[in-house]
Amino acid sequence: MKRVYGLIGYPLSHSFSRKFFTEKFSNEGIDAEYLNFEIENISLLSQVIVAHPDLIGLNVTIPYKEQVIKLIDFIDPAAAEIHAVNTIRIQRSGKNFTLYGYNTDIQGFQDSIRPLIKTYHHKAVVLGTGGASKAVIKALTNLGIDSILVSRNPEEKGELSYSDLDEDVMDNYKIIVNTTPIGAYPAVEGCPAIPFEFVTPKHLLYDLVYNPETTEFLKTGKQQGATIKNGLEMLHIQAIASWEIWNRK
């Protein structure tokens with residue numbers, strides 16, 4: 001039986017995961033297949049699982065990392081804490097199935113950014129309020145870094161708007177993480193509206209977007225002397241962590 005894994009999200013015009021796992025299966029001689037399941041509503045997940053009886057593991061991407069939780073039977077404590085799931089393990093018993101939810105974005109981001117942290121990196125601004133931002137904040141907390149969310153329409157207490165990012169805020173928060181899809185392929189000219197004139201060589205700009213390799217956000221930060229990094233390594237780390245979860249005995 002060929003094992004099947006996949007990715008759910010919408011849209012899935014450019015998937016890192018499928019390419020990554022297809023190459024992994026080929027290089028390591030693994031009899032498995034990785035498919036993209038572009039579904040317009042999370043309620044269609046059960047149909048995907050029923051239609052693919054050999055499907056045993058899923059990655060979850062935008063916009064379903066939070067929405068999928070209502071369909072999960074058992075959720076890992078770390079994923080429950082941040083209310084975001086990006087990895088699903090499917091356990092089958094005949095025609096019935098049980099879904100286990102996890103979040104490997106936390107480990108992916110934490111292990112990826114850790115080598116870049118300097119002694120003056122005490123606080124972080126996190127752009128965006130979706131499921132990925134929650135994993136980023138949890139990872140930063142694990143690293144002893146305080147963070148604050150920035151949203152176009154702040155709703156929660158303590159959130160900032162982009163217009164709040166003045167010189168004082170930028171001076172105090174020297175890590176800036178973009179968790180939004182702004183600047184991702186194909187709309188590569190997009191860029192979060194932060195005041196780049198206040199970015200310095202002590203700033204660290206991290207973009208979860210990995211295509212293009214250097215987004216406008218990172219390119220402009222680099223021009224100001226900042227350290228920059230995209231989300232490709234994070235994706236590698238979280239993908240391997242997902243693989244380990246799917247294949248636990």
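The values are calculated or read from the model by the stated rules, or taken from the named source; none is laboratory data. Here the structure is a predicted model, which means the values were calculated and not measured. Reconstructed Cβ throughout: ideal geometry from the backbone, glycine too, with neighbour counts over all protein chains shown.
Does SER112 count as farther than 30 Å from VAL50 by Cβ, under 19 Å from the mean Cα position of the chain (by Cα), in a helix (DSSP H, G or I) and modelled with pLDDT of 95 or more?
Taking the combined requirement at face value, the residue satisfies it.
Quick check, is GLY183 part of a loop (DSSP other than H, G, I, E, B), small (Gly, Ala, Ser) and in contact with a Pro (Cβ under 8 Å, 6 or more places away or on another chain)?
When the stated conditions are applied, GLY183 passes them.
Tell me the residue from ASN142, ASN172 that is over 27 Å from VAL85 (Cβ atoms) and out of contact with any Asp or Glu (no Cβ under 8 Å at 6 or more places or on another chain), please.
Answer to the check: ASN172.
Looking at (1) modelled with pLDDT under 95; (2) surrounded by 15 or more Cβ atoms within 10 Å (Cβ to Cβ), which is the one condition that is false for ALA187?
The single condition ALA187 does not satisfy is (2).
Could you list, in sequence order, all residues of the range 186-204 that are in contact (Cβ under 8 Å) with a residue 60 or more places away in the chain and assigned to a loop (DSSP other than H, G, I, E, B)?
If the condition is that a residue be in contact (Cβ under 8 Å) with a residue 60 or more places away in the chain and assigned to a loop (DSSP other than H, G, I, E, B), then PRO186, PRO192, ILE194, LYS202 are the ones that fit.
Taking the condition in contact with a Ser or Thr (Cβ under 9 Å, 6 or more places away or on another chain) and surrounded by fewer than 18 Cβ atoms within 10 Å (Cβ to Cβ), does LEU7 pass?
Here the answer is no, as LEU7 does not meet what is asked.
Could you please let me know if ASN142 is surrounded by fewer than 16 Cβ atoms within 10 Å (Cβ to Cβ) and within 20 Å of MET234 (Cβ to Cβ)?
yes
Among the residues in the range 157-178, are any small (Gly, Ala, Ser) and in a loop (DSSP other than H, G, I, E, B)?
So far as the range 157-178 goes, yes, one or more of its residues are small (Gly, Ala, Ser) and in a loop (DSSP other than H, G, I, E, B).
Can you name the number of the only condition in (1) assigned to a loop (DSSP other than H, G, I, E, B); (2) buried (at least 21 other Cβ atoms within 10 Å of the Cβ); (3) of a type outside the set (Lys, Arg) that TYR120 fails?
(2)
Quick one: which of PRO63, PRO53 is over 24 Å from GLY190 (Cβ atoms) and part of a loop (DSSP other than H, G, I, E, B)?
The unique qualifying residue is PRO53.
Look through LEU58, LEU35, LEU99 and report the one residue that is out of contact with any Pro (no Cβ under 8 Å at 6 or more places or on another chain), outside any loop (DSSP other than H, G, I, E, B) and buried (at least 21 other Cβ atoms within 10 Å of the Cβ).
Answer to the selection: LEU58.
Checking ALA139 against (1) under 16 Å from PRO192 (Cα atoms); (2) small (Gly, Ala, Ser); (3) touching a Phe, Trp or Tyr at 6+ places or on another chain (Cβ under 6 Å), only one condition comes out false. Which one?
All conditions are met except number (1).
When the range 126-145 is examined, which residues are found to be over 16 Å from the mean Cα position of the chain (by Cα) and closer than 14 Å to LEU204 by Cα?
Residue satisfying the conditions is ILE145 alone.
Out of the residues in the range 207-249 that are closer than 19 Å to SER133 by Cβ, in contact with a helix residue (DSSP H, G or I) (Cβ under 7 Å, 6 or more places away or on another chain) and part of a loop (DSSP other than H, G, I, E, B), state the one that is modelled with the lowest pLDDT.
Within the range 207-249, the match that is modelled with the lowest pLDDT is TYR210.
Quick check on my filter: what residues within the range 117-138 are under 17 Å from ASN153 (Cβ atoms) and hydroxyl-bearing (Ser, Thr, Tyr)?
If the condition is that a residue be under 17 Å from ASN153 (Cβ atoms) and hydroxyl-bearing (Ser, Thr, Tyr), then THR129, SER133 are the ones that fit.
I'd like the full set of residues that are assigned to a helix (DSSP H, G or I) and either of a type in the set (A, V, I, L, M, F, W, C) or without any contact (Cβ under 8 Å) to a residue 40 or more places away in the chain (or both), limited to the range 1-23.
PHE16, ARG18, LYS19, PHE20, PHE21, THR22, GLU23
Can you work out which of the residues in the range 66-76 that are outside any loop (DSSP other than H, G, I, E, B) and either under 18 Å from the mean Cα position of the chain (by Cα) or outside the structural domain of ASN36 (by TED's automatic domain parsing) (or both) is surrounded by the most Cβ atoms within 10 Å (Cβ to Cβ)?
The extreme case among them is VAL68.
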